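The values are calculated or read from the model by the stated rules, or taken from the named source; none is laboratory data. The model shown is predicted, which means the values in this text are computed figures rather than measured ones. Positions of Cβ are generated from backbone atoms using ideal geometry, with glycine treated the same way; all protein chains shown enter the neighbour counts. Side chains are part of the model used for accessible areas, which takes the heavy atoms of the whole protein and leaves out ligands, DNA and RNA. Shrake-Rupley method; radii C 1.70, N 1.55, O 1.52, S 1.80 Å.
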Amino acid sequence: MAACSSSKKPLPIESGVAKTLADYRKENISDLEYQLRFDIPEEREEAIPAKNTITFNLKSVEQDLQIDFREQASLIKSVTCNGKASAYLFQSEHVIIPKSELQEGENSIEIEFTAGNTSLNRNDEFLYTLFVPDRARTAFPCFDQPNLKAKFQLNLSVPSHWKAMANGQLNTKKDEGNRSLYSFAQTKALPTYLFSFVAGQFETITRERNGHQHTMYHRETDPEKLANNTDEIFRLLFESLDWLEDYTDMPYPFAKYDIVVIPSFQYGGMEHTGATLYNASKMFLDKNATKNSLLGRANLIAHETAHMWFGDLVTMKWFDQVWLKEVFANFLADKITNPSFPDMNHKLKFEMAHFPSSYSIDRTSGANPINQVLPNLKDAGTVYGSIIYHKSPIVMDMLEKMTGEEALQKGLQTYLKTYAYGNASWEDLIGILDENTASNLKEWSKVWVDKAGRATITADIIAKDDKIAELKLRQRDAKGNPGDWNQDLNLILGYTDKVVSLPVKFDQEHMLIQDAKGLKTPDYIIPNGSGNAYAFFKMDDKTKQFLLSNIHKIDDDLLRGIAWINLYENLREGIIGGKEFILAAEQQLSKEKNTLILSRMLSYMRSVYWLNISTEDRQDLGKHLEESLWIRLSSEKDMGNKSSLYSTLSSIAETPKLLNQLYGVWKEEIAFGGFELSEKKKTALACQLAIKMPQKAEELVKTQIERIQNPDRKKKMRFVAPALSADSLVRKAFFESLKKEENRQIERWALEALGYLNHPLREKEALTYLPQALDLLKEIQVTGDIFFPYNWLSTSYSGHQSKEAGDITRQFLEDRPDYPENLKLKILQAADLVLRK
Ligand SMILES: [Zn+2]
């Protein structure tokens, strides 16, 4: 053996942030600090001069040092390493410092550069950074990985009529002619994806809690909207902070907590420490907002606030476990929000919030597990989706049932204390919990966290003289093989006048339910009667028939809600037809009183109406359905229900009579069946009508643009206008324009317009867009934010139910055998409906 084996092979230089590179850097770099300065000009096209001083301790100088910067080499102006000009190289998105310039122990690297614009969201009057998951490296050179936490000290020079804010508290603000220099205090250790700043023309509102000031930055121009929402936003914010400090037994772990409300923000919110961003449309709600959107806002604020502990204080080691921060945020948000809505059925709310969304992925052949594999951070965006946001809370709920509420809370407190300002994995948590739990959590986690998809559970009865002789439960996977998704069931045997509920520990591939023997044959069976169980519950014929015509006879709201979800899943799996579903839902319109169920039922109805019945059936059923909806709408007293009914009616409206009536409502700006339309609703109506009444499209769009007061919303309407044009050439040209990155920059606008282009009424024309939309996907994953690839796909499929759309998709994948697996899964998820044709 040679003695000189210590000289290591150089690390490969690849684009993105490879796991191997990240592991090496984590091993060798510590005490990391960034001192950043950005000089932001008023004009958004102008370059942003910037400087970054990186200091850190280095364990070994065996390798050259790769600093991530996903931009052109020409943006790097100068690099100094430990006081001397560096002979750095620039290669594959990295500034590479030769190892000869480095030293063991403390190092300091100074880089002057022009900031990259990709993730600065530069608008005319403001900009905001959004660096999750790996976009900090598009703006400035850094070690862009979540487990290399750093202290940031930021200096921002902005036009003097702008405001600026960041993670750290403002230390000083110096006016220098027509510019101001903001200097922020150094932060606690943060991962790069949480570093953030916002600058521009914003209004501020400040409130106090426990002696600390909290400021909301916003651009809302409607004083009534502000007045209606501000108190509630702060109340929710403070309530969340109080609750979390109590639950975690730990005070708010950072220096300050301000929020910025951004128009057309990409997500609902983003938990930048001390500088959390929120989507304006989710925060400033209309006067007659539905209970659902009120709850949605409360939940969103609680979610982002929970992140301050779960995600910000303790961070996942790598983005393959980004679900970890999301599951805690969602799980705790539900706990926080519940007491604020005391008259709401929270079990039902949980059911409605998570099961349908999670099923929407798990029913498809593109289903992904909660735990995913991620060899390079550049693909981190593709691990996001409904599974991490909605299946993980369901799984967390199971976990809490196994450990008990108190043990879980104690376990989480230990976890936070152990890993504060550092990183931890799911396995670390399970390790803490497993010590105090009877069940084998590691085995359980292998199935529920590491495996994709869901079981199909069936309940088969052999009856004799109207009595159960044998009741057998069976679980299978999607391919028909035995399933191992062991879980607790609450088996409901339902009769018109009562229900019998049998708890079942379902821990085998099939089992006989002894307690059912001898009972009267039920009218229907619901195996997931208490709502915790997760599977496709395939209906037998008798259950299906009973529920389709008598679901209102189930008195219990939770059970009735579960039955609706089961019915819809049976529709999507081909057990129930679209027409039977619509007719059943229509029949229930006058009977359903529960707001959550009504709103779920209506959203199923809209979707089935456009996507699961033929054009002929639609025309057949439409007129009557419009009348039934109108009757319920005009007699409804609850404004939230009225709003959901209105949305459904305006979505399905197709008869000239109703369209003309709606047109009159829009033109005269009057109420509809006692429902007053907000500006947002009026705008949405103008857009819907423009598609359905092409002869009036020009007037509708032009007038609506004139009517909108808020400049941000006006701009959006101008942007989407060509997608609403009656001229197919204009629409086509608009679709072409979406191929240019700059036209997709405000993703919400692009998606809204794409939705109009793909309206079900334009299905034939939209088929020509589909192959091109698929072609763009790879590029969209690189240029767009984390939810954009899937949203782009699901919107591109939103108007399709034809076999042709399925054929186009199959052909696309067949022609590309080496297509990236993560993107292929997204396509299989979004195209599920047409791929079954
Ligand atoms: Zn989140």
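Based on the Kirkwood approach, the hydrodynamic radius assigned to segment 668-708 is 10.5 Å, with every pair of different Cα atoms included.
From the Cα gyration tensor of segment 230-277, with a ≥ b ≥ c the square roots of its eigenvalues, which class applies: rounded if a/c is under 1.5, or else prolate if a/b is larger than b/c, or else oblate?
The shape class here is prolate.
What pairs in LYS282/LYS667; LYS401/LYS442; LYS667/LYS732 have C-alpha atoms more than 20 Å from each other? Violating the 20 Å limit, Cα to Cα: LYS282/LYS667; LYS667/LYS732.
Once Rg and the Kirkwood radius are both taken over the C-alpha atoms of segment 330-433, their ratio Rg/Rh works out to 1.00. Along segment 201-210 the Karplus relation, 6.51 cos²θ - 1.76 cosθ + 1.60 evaluated at θ = phi - 60°, assigns HN-Hα couplings of 8, 10, 8, 10, 10, 10, 10, 10, 9, 6 Hz to successive residues, with x for each Gly and Pro.
Loop-resident GluC sites (Glu not before Pro) (DSSP state other than H, G, I, E or B) in segment 34-130 with no more than 13 further Cβ atoms inside 10 Å of their Cβ: GLU43, GLU45, GLU46, GLU104.
Dimensions of the chain from C-alpha coordinates, computed as largest minus smallest value along each principal axis and given longest first, are 91, 70, 60 Å.
Based on Cα coordinates alone, diagonalise the gyration tensor for segment 704-814, multiply each eigenvalue by 5, take square roots, and list the semi-axes in whole Å, largest first.
Three semi-axes, in Å: 24, 17, 11.
Heavy-atom accessible surface of segment 372-483, averaged per residue, reaches 44 Å², computed with a 1.4 Å probe. Given in Å, the Rg to one decimal and the Dmax to the nearest whole number for the Cα atoms of segment 713-755 are 9.6, 25. Convex hull of alpha carbon positions in segment 181-321: directionally averaged projected area 9.6 nm². Computed over the Cα atoms of segment 9-78, the ratio of the radius of gyration to the Kirkwood radius (Rg/Rh) comes to 1.04. Shown for segment 1-134: the carbon plus sulfur share of the solvent-accessible area, taken with all protein chains present and a 1.4 angstrom probe, equals 47%.
For segment 557-644, carbon and sulfur atoms together expose 50% of the accessible surface, with a 1.4 angstrom probe and every protein chain in place. Which of rounded, prolate or oblate describes segment 621-682 when judged by the alpha-carbon gyration tensor and an a/c cut-off of 1.5? Oblate, since a/c reaches 1.5 and b/c is not below a/b. In straight Cα distance, which lysines are under 20 Å from LYS84, not counting same-chain residues fewer than 8 positions off? Qualifying lysines at Cα under 20 Å: LYS51, LYS99. The apolar share of the surface of segment 679-742, taken as the fraction of accessible area on carbon and sulfur atoms (1.4 Å probe, ligands and nucleic acids excluded), comes to 54 percent.
How big is the charge dipole of segment 5-65 about its Cα centre, in debye rounded to the nearest 20, if each Lys and Arg gets +1 on its Cβ and each Asp and Glu gets -1 on its Cβ?
The calculated dipole for segment 5-65 is roughly 480 debye.
Given the C-alpha centroids of segment 296-331 and segment 398-468, what is the distance between them in whole angstrom? So the separation of the two Cα centres works out to 18 Å. Mean separation of Cα pairs under 8 Å and 6 or more residues apart, divided by the residue count, gives segment 272-354 a relative contact order of 28 percent. Across the chain, the mean sequence separation of Cα contacts (distance under 8 Å, 6 or more residues apart), normalised by length, yields a relative contact order of 8 percent.
Name the trypsin sites (Lys or Arg not before Pro) in segment 263-365 that are in a loop by DSSP and that have at most 11 other C-beta atoms within 10 Å, would you?
For trypsin sites (Lys or Arg not before Pro) across segment 263-365 that sit outside H, G, I, E and B with at most 11 neighbouring Cβ atoms in 10 Å, the list reads LYS287.
What separates the Cα centres of segment 520-558 and segment 221-272 is a distance of 40 Å.
Relative to its residue count, segment 1-126 spans a Cα convex hull of 122 Å³ per residue. Mind running the shape call on segment 519-569? Use the C-alpha gyration tensor, a ≥ b ≥ c as the square roots of the eigenvalues: rounded below 1.5 for a/c, prolate if a/b tops b/c, oblate otherwise. Rounded shape, in that the Cα axes give a/c under 1.5. Using a probe of 1.4 angstrom and keeping all protein chains present, the accessible surface of segment 694-768 works out to 50 square angstrom per residue.
Rg and Dmax over the alpha-carbon atoms of segment 275-337 stand at 13.1, 43 Å. Counting only protein heavy atoms and a 1.4 Å probe, segment 558-642 has 36 square angstrom of accessible area per residue. For segment 482-492, the Karplus equation 6.51 cos²θ - 1.76 cosθ + 1.60, evaluated at θ = phi - 60°, returns couplings of x, x, 10, 7, 5, 6, 8, 10, 10, 6, 9 Hz by residue, with Gly and Pro reported as x.
Quick one: in segment 744-786, what % of C-alpha pairs are over 17 Å apart? Here the long-distance tail beyond 17 Å is 36 percent of all Cα pairs in segment 744-786. Over all directions, the projected convex hull of the C-alpha atoms in segment 205-287 averages 5.6 nm² in area.
With contributions of -39500 (n - 2.57) from each DSSP H run of at least four residues, the per-residue ellipticity at 222 nm computed over the chain stands at -13000 deg cm²/dmol.
So which of LYS347/LYS642; LYS593/LYS715; LYS637/LYS681; LYS149/LYS378 end up more than 30 Å apart, counting from Cα to Cα? List each step's numbers first, then the result.
Working: LYS347/LYS642 24 Å; LYS593/LYS715 39 Å; LYS637/LYS681 19 Å; LYS149/LYS378 19 Å.
The answer is LYS593/LYS715.
About the Cα centre, and with charges only on the beta carbon of Lys, Arg (+1) and Asp, Glu (-1), how big is the dipole of the chain? Nearest 20 debye, please.
Once rounded to the nearest 20, the dipole reads 1020 debye.
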